[in-house]
Amino acid sequence: MLDHSAAISESYTDGVSVTFRLYDPYEDREITGVMTAVDIGLKTIKVRESDEEPMWIPFPRHNSR
């Protein structure tokens, strides 16, 4: 089993589908697709679900101390 970083990397480099769980105050959701882009400045990743339009998903910001 791959760890999270390896699975995301494989999705980005090899086009392998991966499932992301998005946490929301009202309703959690899962998205399965291929990660196609990363925007470090905006801290988002672009995921394409099969025939759907790609969507940008924010990734968590870690507090640094």
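The values are calculated or read from the model by the stated rules, or taken from the named source; none is laboratory data. The shown structure was predicted, so the numbers you read here are calculated from the model rather than taken from an experiment. A quick note on method: Cβ atoms are made from the backbone with ideal geometry, for glycine too, and the neighbour counts reach across all protein chains shown.
Quick notes on this one:
- Search result, residues across the stretch 54-65 that are assigned to a loop (DSSP other than H, G, I, E, B) and modelled with pLDDT under 90: Phe59, Pro60, Arg61, His62, Asn63, Ser64, Arg65
- Considering residues of the stretch 1-31 that are assigned to a helix (DSSP H, G or I), of a type in the set (S, T, N, Q) and surrounded by 10 or more Cβ atoms within 10 Å (Cβ to Cβ) only, the residue modelled with the highest pLDDT: Ser11
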